[in-house]
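Would you mind keeping the following structure in view while I ask a few things?
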Amino acid sequence: MSYIHGYDPETLREIVDPAQCRERLEEIGVQRSLPSLLEKVWLLKVLGELDDALSVSEQTVRLARMSGTRKDLLRARILHASVQQWRGAHGAAEFELSTCADEAEGQGWTSIAAFALQHRGKTRYDAGDINGARADFKKVLFLRQEAGASDADLEPTMLCIEAADRRRSRGAVVAG
């Protein structure tokens, strides 16, 4: 089941049903498996419970480092960085996402690289680096197309590119 019901065209953040997300959080409860904790971080983040999301994301990174695979650790670090982004720590988030994207690309893990770059693009977008965000979103689109993603899977990235183009156009109008 998808908890995402769309994306805000200005902030690029997920639109969710808070009741549905809270219900899922209750189902997860105190489970401590890595997948459960990753899901819990995301749910807390989209519900705006950023202090809790940060705490659980740090725990998730430690767990992945101790008992997960390198891919698990990258996913946990990317999610942790996305919480930092939502908290406004754009520099820290961008740095972490860049290192994750570089490692994933170096290993040939295209889907993880695209995941990191998508979040880095959103971080740059939030920080006002529209050109950097657009470049990241375009690279994500390329990576996902090369991996054979469906049109439905490409749609969120297309929406991000369109949002960056709109914001860039508004900036050009204001500057002019």
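The values are calculated or read from the model by the stated rules, or taken from the named source; none is laboratory data. Owing to the predicted nature of the structure, the values given are computational and were not obtained by experimental measurement. Every residue, glycine as well, gets a Cβ built from its backbone with ideal geometry; the counts of neighbours run over all protein chains shown. SASA here: full protein model, heavy atoms, side chains in, ligands and nucleic acids out. Shrake-Rupley method; radii C 1.70, N 1.55, O 1.52, S 1.80 Å.
Return the distance in nm (one decimal) between the two label points of a simple spin-label model at residue 92 and residue 138, each offset 7 Å from Cα along Cα→Cβ.
3.2 nm
Also, quick follow-up: With unit charges on the beta carbons (Lys and Arg positive, Asp and Glu negative) and the dipole taken about the Cα centre of the range 1-102, which residue among 44, 92, 74 sits farthest to the positive side?
Value: 74.
About the Cα centre of the range 81-176, what is the dipole size in debye to 20, counting +1 per Lys and Arg Cβ and -1 per Asp and Glu Cβ, all else neutral? Each step should come with its number before you reach the end.
Working: 12 positive and 14 negative charges, 94 e Å.
That gives the range 81-176 a dipole magnitude of about 460 debye.
Per residue, what accessible area does the range 58-131 have, given a 1.4 Å probe and all protein chains present, in Å²? All intermediate terms of the calculation are to be shown ahead of the outcome.
Values: 3200 Å² over 74 residues.
The answer is 43 Å² per residue.
Please determine, in degrees from 0 to 90 and to the nearest 10, the orientation of helix 70-86 with respect to the longest principal axis defined by the Cα atoms of the chain, where the helix direction is its Cα long axis.
The answer is roughly 60 degrees.
Now, a different point. About the Cα centre, and with charges only on the beta carbon of Lys, Arg (+1) and Asp, Glu (-1), how big is the dipole of the chain? Nearest 20 debye, please.
Values: 24 positive and 27 negative charges, 81 e Å.
For the chain, the charge dipole is close to 380 debye.
Taking semi-axes √(5λ) of the Cα gyration tensor in Å straight from the coordinates, which label in (i) 29, 15, 14; (ii) 40, 18, 13; (iii) 26, 19, 16 is the correct one?
Read-out from the structure maps to (iii).
Given a 1.4 angstrom probe, I'd like the percentage of the accessible area of the chain that is carbon and sulfur, rounded to a whole number. Intermediate values should be presented prior to the final figure.
Values: 4650 of 8930 Å².
Carbon and sulfur: 52 percent of the exposed surface of the chain.
For 3, 125, give me the order by solvent-accessible area with a 1.4 Å probe, most accessible first, ignoring ligands, DNA and RNA. Kindly include the intermediate steps, with their values, before the conclusion.
Working: 3 35, 125 0 Å².
Solvent-accessible surface, decreasing: 3, 125.
Below 8 Å, C-alpha to C-alpha, sequence gap of six or more: please give me the relative contact order for the range 1-154 in percent. Spell out each step's value before the answer.
Working: 173 pairs, mean separation 20.9, N = 154.
Once normalised by length, the contact order is 14 percent.
Quick check: from the Cα gyration tensor, does the range 38-116 come out rounded (a/c under 1.5), prolate or oblate?
Details: a/c = 2.05, a/b = 1.39, b/c = 1.48.
Cα axes put the range 38-116 in the oblate bin.
Please give the length that would be gained between residue 66 and residue 51 if that part of the chain were fully extended, namely 0.36 nm times their separation in residues minus their C-alpha to C-alpha distance (nm, one decimal).
Values: separation 15, 0.36 × 15 = 5.40 nm, distance 2.31 nm.
Taking 0.36 nm per residue and subtracting the Cα distance, the gain is 3.1 nm.
Note the angle between two axes, namely the Cα long axis of helix 110-127 and the longest principal axis of the Cα atoms of the chain, as a number of degrees from 0 to 90, rounded to the nearest 10.
The answer is roughly 60 degrees.
As a check on your grasp of the helix formula, calculate [θ] at 222 nm for the chain: sum -39500 (n - 2.57) over DSSP H runs of n ≥ 4, divide by the residue count, round to the nearest 500.
Values: 8 runs with 137 residues, N = 176.
Estimated from H runs of four or more residues: -26000 deg cm²/dmol.
With only Lys, Arg, Asp and Glu charged, each at its Cβ (+1 for the first two, -1 for the last two), find how big the charge dipole of the range 1-65 is about the Cα centre; round to the nearest 20 debye.
The calculated dipole for the range 1-65 is roughly 360 debye.
What is the helix-to-structure angle for 151-175, meaning the angle in degrees between its Cα long axis and the longest Cα principal axis of the chain, kept from 0 to 90 and rounded to the nearest 10?
50 degrees
Starting from the Cα-Cα distance between residue 28 and residue 131, subtract it from 0.36 nm times their residue separation and give me the gain in nm to one decimal.
Working: separation 103, 0.36 × 103 = 37.08 nm, distance 3.88 nm.
That pair, residue 28 and residue 131, stretches by 33.2 nm at full extension.
Related question: Can you tell me the convex hull volume per residue for the range 93-169, based on C-alpha atoms, in Å³ to the nearest whole number?
69 Å³
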